[in-house]
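Take a look at the structure below.
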Amino acid sequence: MSKYIISLLLLSATIFSACKKEQNSTSADTAVAPANKVQANDHEGQVLTPVGWMPKSQVHHVETGEYLSGEGNRLRKYDRNGKVLADYGVMEQSARKTPFYPDNAKVPGKGVFPLGSGWITYTYWTNNTSSAISYFNTNWTVPPAPAVNSGQTIFLFNGLQNANNILQPVLQWGPSAAGGGNYWAIANWYVGLGTAYSSLIPVAPGTNLQGVMSLIGGSGSTRSYTSAFTGYPSITLTVNSVPTLYWAAESMEAYGVATCSNYPNTTKTRLSAIDLRVGGVQAPLSWTVANAVTDCGQHSTVVTQGTPNGIVDIYY
């Protein structure tokens, strides 16, 4: 074989190898490295919350011993002695009976984030009884870490809403306004037209969590609530004299997802011991399932309807 033919064969092999390597590199793979920086750059002056990106100036930290109140139709922060620490403005009170979120739950993937974001999959129920929701408990176990980190944020929670805000005990992976990184952590949030969050506490995979929202006072169109993780009293969030919360959900939310491996490295998370009460008695709970984003096969399944021992599985 001539030297010319040998040279041609070697050149062809080199080109074929390079082409094969390029074909094996997907858009999701190439998105992983810069995703965290791109997500922040795309939202300059904003911070991430469990209803998406919001102006930093509208998102506030509530320390241990502080609480929120909407008395006088203004959302304010108080210390334990009742002194006003901050005034966050007028409280909106909409008469419509639709939840604040997820009106824009599904955000299609594009560019460096080829997968969808927002409320990914969830179950929901509207309280149409004459009594207010008085208690909402859900238990779950902190899942394994994602196999791949690209600056993504995953939120898991049970929550109560009205037309303007959502109250929620939230487990998060990744960064948010409350802090965070490549680890799981918990905080309580009141998000919407007036947004606040508790301090963030890291938790390890395998930790059993109990997220609880309780009615503690009020009547008519305004009520007072706490959002808490049992065993973590320092981050309990109290919101007094706010519009009554009437829409319940079990949800998984995600942002900055570049590859399916950005989700927890497990098949599903089971939300169990679901206990939802109205006026102190068991609610006529029947979940409706919404699978807003299914690009990785994400979906919710109601294993056991009703309460006090309801079960919902959220699949990644």
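From zero outward in steps of 5 Å, how is the percent of C-alpha pairs of the range 27-315 spread across the bins?
Bins of 5 Å from zero give 1, 6, 13, 18, 20, 18, 13, 8, 4, 1, 0 percent of pairs.
Calculated FRET efficiency, Arg74 and Ser286, Cβ-Cβ r, R0 35 Å, to nearest 0.05?
Working from the Cβ atoms, E equals 0.45.
How do Thr294, Thr222 rank when sorted from fewest to most other Cβ atoms within 10 Å of their own Cβ?
Ranked by crowding around the Cβ, least crowded first: Thr294, Thr222.
Give the percent of DSSP beta bridges with both residues in the range 27-315 that are antiparallel, rounded to the nearest 5.
95
Can you sort Leu209, Leu237 so the residue with the fewest Cβ neighbours within 10 Å comes first?
Sorted ascending by nearby Cβ count, the order is Leu209, Leu237.
Using the Karplus curve 6.51 cos²θ - 1.76 cosθ + 1.60 with θ = phi - 60°, what ³J(HN,Hα) values do you get for each residue of the range 223-236, in whole Hz, with x for Gly and Pro?
Karplus-based 3J(HN,Hα) across the range 223-236 equals 9, 10, 9, 10, 10, 8, 10, 4, x, 10, x, 5, 10, 4 Hz.
Using the per-residue mean of other Cβ atoms lying within 10 Å as a proxy for protection, in what order, highest first, do the peptides 48-57, 190-199, 276-285, 73-82 fall?
190-199, 48-57, 276-285, 73-82
Take Ile166, Ile154, Ile216 and order them by how many other Cβ atoms sit within 10 Å, fewest up front.
Ile216, Ile154, Ile166
Every read-out reported here was derived from the displayed coordinates using simple, explicitly stated rules and does not represent laboratory data. Computed from a predicted structure; not experimentally measured. Please note: Cβ atoms are built from the backbone with ideal geometry, for glycine as well, and neighbour counts cover all protein chains shown.
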